[in-house]
Amino acid sequence: VSEPVVVSEPVVVSEPVVVSEPVVVSEPVVVSEPVAVPEPVVVSEPVVVPEPVEVTPINLAPEILSISLGCDLTSEQILMSRGEDVTFFLIVDDELPNALNYSASSSNPDVGDVTVGDDGIFLVTGLAPGTMNIPIEVTDEHGLTDNTVVTLVVE
């Protein structure tokens, strides 16, 4: 408003008012703060709204994070006794962790035996004193893999 408005009987508005349609005011309105009036928007060209794009998720290889026994897979050995059974599982990051396949073998079958169940639980049996490595591979439903080696020492 560029000129002052003279009000004889004021109406006080204490809360914000949202107006979506024209309003006819028969009584004066007192505005205690300046009111910003937006400039009209002029569209000279048609506005194109893009169609939604379907996004296909990207499959990433599984990532072995740790082992349930709490040791560091890269530097520690798991100690066990002859005749002892040790079970463990891997903590693996993957989009579909229930669809992973596990494989393992013993580098020294005279020292120990390893099997892995469909549920990803590994069972190692110590057979004789010595050291063995267990190369483990995790494969997702698309054939992507991660692998690690677990070292066991049978005393």
Item to check | By accessible area with a 1.4 Å probe, ligands and nucleic acids excluded, highest first: order of PHE122, PHE89 | outcome: PHE89, PHE122
Checklist entry - In nm, to one decimal, how far is the modelled label at THR125 from the one at SER44, with both set 7 Å along Cα→Cβ? => result 8.4 nm
Checklist entry - Can you work out ³J(HN,Hα) from phi for every residue in region 124-132, in order, using Karplus 6.51 cos²θ - 1.76 cosθ + 1.60 and θ = phi - 60°, giving whole Hz and x for Gly and Pro? => result 10, 10, x, 9, 7, x, x, 10, 9
Checklist entry - In region 74-155, what percent of the accessible surface is made up of carbon and sulfur (1.4 Å probe, ligands and nucleic acids excluded)? => result 47 percent
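The values are calculated or read from the model by the stated rules, or taken from the named source; none is laboratory data. In this text, all values refer to a predicted model and were calculated from it rather than measured experimentally. FYI the Cβ positions are ideal-geometry reconstructions off the backbone, even for glycines, and counts take in every protein chain you see. Accessible surface areas use protein heavy atoms only, side chains included; no ligands, DNA or RNA. Shrake-Rupley method; radii C 1.70, N 1.55, O 1.52, S 1.80 Å.
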